[in-house]
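Below: the structure, in C-alpha cells.
Please treat every number below as a calculation from the coordinates, not as lab data. Fair warning: this is a prediction, and the values are worked out from it, not measured in the lab. We place every Cβ from the backbone using ideal geometry, glycine too, and count neighbours over all the protein chains shown.
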DNA sequence: TTGTACGCGTTATCAA
DNA sequence: TTGATAACGCGTACAA
C-alpha cells in the first residue's frame, strides 16, 4: 500500500448528492449559484462523508497552494524558534499553512529546500537569516520574499525586516556609561551584519558621550559557541578575558557589552568565580533577552528584541506582496529596548 | 499577479529537445528506455533551462508527495526543537521534505493542521506530543503515523517512541538517595503521561532502596510555567516550597527530584537566595538536560534524554510504515541517563 | 440554476 | 526507442 487512496472525492460527493462536481465546487467555494435545496443536500453529504478537498489538486488547478515557506537556519536557537512561532501564528490567522525548513546553516541544504519549496508551489517565502558566507550563490526562486534578520547578498530589491541592532548596541553602551563604567565590547570572531551593527551602535554611544574613539575596545572570542554542545573552550577563553580586563582595570569599574547572551552569561560566571562583584566592579549587558538571561543569577541586563513585532511586520509585508501590492517600505527596522536587570 | 507561472514545464523541455514529454520523464525518472543521444540532449536542455519538475503535479499523479508532516506542540521548547531538528535531518537524508506544524498546544489548531496535512497528501506523520486533555477528539488521518513522547488516546495500535521516563525518575531518585538525602518530588500540577512515569520511577527507587512508601512526598506546583513569559508566581511558589522543606528538615539533607529543569533551576535559585548550601544541605536533580541546566550556577544535575536516538527510531519506524512494512516493535523506550553535575 | 468539457503538469500504459 | 493518450482531483468557462 505504498500508494494512497483519496478517501472521498468531489465526484463521490456529487454522485451522492445527485448533482455534478461543478455544483459541489460552487457550494463549497463560491457560496452562490445554486438553489437552497441543492446547497443543503451537498453540505449534508459533505458532513456525512467528511469530504475535504484535495489541496494538491486544487493547487495544481489554481496555481497556488495557500502555503508559505519559512526557511530558518537553526530551529534550536531560541530567537529563531520564537520568530518561527510568531510567523506561523500570523500566517495561520490569514489561512496560510507554513512549511518550516531547518537548514542547519548549510547552504546546500538551503538551496535544496528553496528548490523544493518552489516546486511545491508555495505562494511566498520568509527567509530568516541565510547561510552567512555562501548566501551569495543561493538561488532564490522568483517569488514574493521577505528576509528577516539578514539580507540575501546581491538583491537589494527584496524586502527586509530586522531588529534595530545598532540602536541595541547604543542602548547597551549608554547603560554601561551611565553606570560609570568604561565600556568594552565582547563579541564573536565571525562578523555578521547584525553583530557589526551592534558594534556600530557601541561606537555611536561612545561618540555621543564624548569618549574618544581610541578608547573603543573590541574583544573577539575565537572559540565556537556550538548550537547543542556547549564549548568548554569558550568557557576558558572568556574566563581569561575577564581576568585580563579585571587586572588591567583603572579606577573605573569595567563595563562589558556582550553581543549575545551566551557570551554575557559566560562573562558573568567567569567574574563570579573570581569573586568579582557584579555589578559594582563588573557590569554586563547582553543581547537577545534569551531564556537564560532571566533564569541566570544575577539576572542579566540585556537588549530585548521585539519578536512578535518582527514577525508581524514580516508577515504583513509578505501578504501584501502575495496579493500583488507594492510595499511602501522595503526595509524595516524594529525598535529594541534595554531590559535592565541585575548585572548593571 | 496573484497567480504564478511555472517557469518551464516538461513540455517546454520536450519541445526544446525535439522529443515527447514522456521521453523527458523517462530520462529524468527511469534512467532507461531511451537512446544515449536522446538522454544527452534532454539532460542538456534541462541543465540549460533549469527545469525542475512540479512537485504538485507529480504528487497528484503518483498520489504521494515525498513529504511528511511533523506536528509539534511548542517549537520554542528546547526539547521539542531538538526533536524537530533531528527528525528533519533524518528525513532529509531519506529525501523526504518535512512540513513542521506548530500547534501551540491548541487542539483546534492541531486538528486543522492534521486535516491540512492530509489534504496535502503527506506520506506520513510524526506527532510529537499532542494536546494534553483533548487529544481524544483529535481526528487523525488514515496515514502511517509515529507518535513521539506522548501517545494519542484511544489508539493503542499506533506506533510510539519516547524516552524511558520511568528509568529517568529512578536514576534521579537513586542519585539523591546515594548522596544521603531524603528524596522528594517537585512537579507541576498537570499530570502528563511522561511526568507520571517519572514519578513512578521515583517510587520504584524508594522501594528498591527500602524506603517506606509512606515517606514518598510529591509536591505539586500550581503556577503555570508559561512558554515565553516567565511566571513570577512560579518563582514565589517554589521559593515558599523550598523554605518549607528546609524548615521541616530532619538531620538528613534535603533531596529534590524536579520533573523538569525549569522547576529545578527555580528551586536552586530559591535555595541560594536563602543561603542554603548546595548540594550539602540541599541537593537537586532536574529532567531534560535543557540548555539552562548547563549555564546556570551551580550547573544542574539532570536526566538527559537521547534526542538523536529518539528521532532516529521514530523516523526509521515511519519510513518502514510508509514502505508498507510491518513493525516488530510498536512501542519503543529510549534509555536516558543521569548527567551528574554540581547540584548533587 | 445546473452540467459538460477542459486544463493545471506529471507519469504510466499501450501501441507503434 | 519512442509518442499518443489517459488519468490523478479540482475549479471554471461556457453552454444549456
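What list do you get for A:34, B:287 if you sort them by fewest beta carbons within 10 Å?
So the residues, fewest neighbours to most, are A:34, B:287.
For the rotation taking chain B to chain A, which residue of B has the Cβ nearest the axis, and how many Å away is it?
B:100, 2
Rank B:49, B:173, B:262 by mean-square fluctuation in a GNM of chain B with C-alpha springs under 10 angstrom and give only the top-ranked residue.
Of the options given, B:49 has the highest mean-square fluctuation.
For chain B, give the share of DSSP beta bridges that are antiparallel, in percent and rounded to the nearest 5; count only bridges with both residues there.
Once the DSSP bridges in chain B are tallied, antiparallel ones form about 5 percent.
Shortest first and in nm with one decimal, please list how far the residue B:32 label point sits from its counterparts in the other copies (point 7 Å along Cα→Cβ).
When each copy's label point is compared with this one, the spacings are 5.8 nm.
Could you work out, residue by residue across A:54-65, how many beta carbons of other chains sit within 10 Å of that residue's beta carbon, and then give the average as an integer?
Average per residue, whole number: 6.
Got a sec? How would B:235, B:326 order by Cβ neighbour count within 10 Å, fewest to most?
In increasing order of surrounding Cβ atoms, one gets B:326, B:235.
Cut-off is 10 Å between beta-carbons; in what order do A:36, A:139 appear when sorted fewest neighbours first?
Listed from fewest to most nearby Cβ atoms, that is A:36, A:139.
Go ahead and set up a Gaussian network model of chain B, Cα springs under 10 Å, then flag whichever of B:46, B:146, B:221 fluctuates most.
The residue with the greatest mean-square fluctuation here is B:46.
Quick one: Debye curve from the alpha-carbon atoms of the protein assembly as shown only, equal weights, vacuum; give me log10 I(q)/I(0) at q = 0.06, 0.07, 0.12 Å⁻¹ to two decimals.
With one equal scatterer per Cα and no solvent, log10 I(q)/I(0) is -0.41, -0.56, -1.35.
Could you work out which residue, out of B:269, B:142, B:260, moves most in a Gaussian network model of chain B, that is, has the largest mean-square fluctuation with Cα springs under 10 Å?
In the Gaussian network model the winner is B:142.
Using only the Cα atoms of segment A:41-125, construct the convex hull and provide its projected area averaged over every direction, in square nanometres to one decimal.
If I average the Cα hull's projected area over directions, I get 7.1 nm².
Nearest 10 degrees is fine. How inclined is helix B:165-178 to the longest principal axis of chain B, computing both from alpha carbons?
With rounding to tens, the tilt is 30 degrees.
Run the numbers on segment B:199-344 and let me know its relative contact order in percent, using alpha-carbon pairs under 8 Å that are six or more apart.
18
What nm distances, shortest first, do you get from the label point of residue B:273 to those in the other copies when the point sits 7 angstrom along Cα to Cβ?
When each copy's label point is compared with this one, the spacings are 2.6 nm.
Give me the angle, in degrees from 0 to 90, between the Cα long axis of helix B:261-273 and the longest principal axis of the Cα atoms of chain B, rounded to the nearest 10.
30
Could you give me the percent of Cα pairs per 10 Å distance bin for chain A, shortest bin first, beginning at zero and ending with the bin that holds the maximum distance?
Final binned percentages: 5, 21, 24, 19, 13, 8, 6, 3, 0, 0.
How high is the relative contact order of segment B:236-320? Use alpha-carbon pairs under 8 Å, at least six apart in sequence, and give a whole percent.
Rounded, it is 26 percent for segment B:236-320.
Normalising by the residue count of segment B:183-225, find the relative contact order in percent from Cα pairs under 8 Å and 6+ residues apart.
62
State, to one decimal in nm and shortest first, how far the label point of residue A:50 sits from each corresponding label point in the other identical copies (label point: 7 angstrom along Cα-to-Cβ).
4.3
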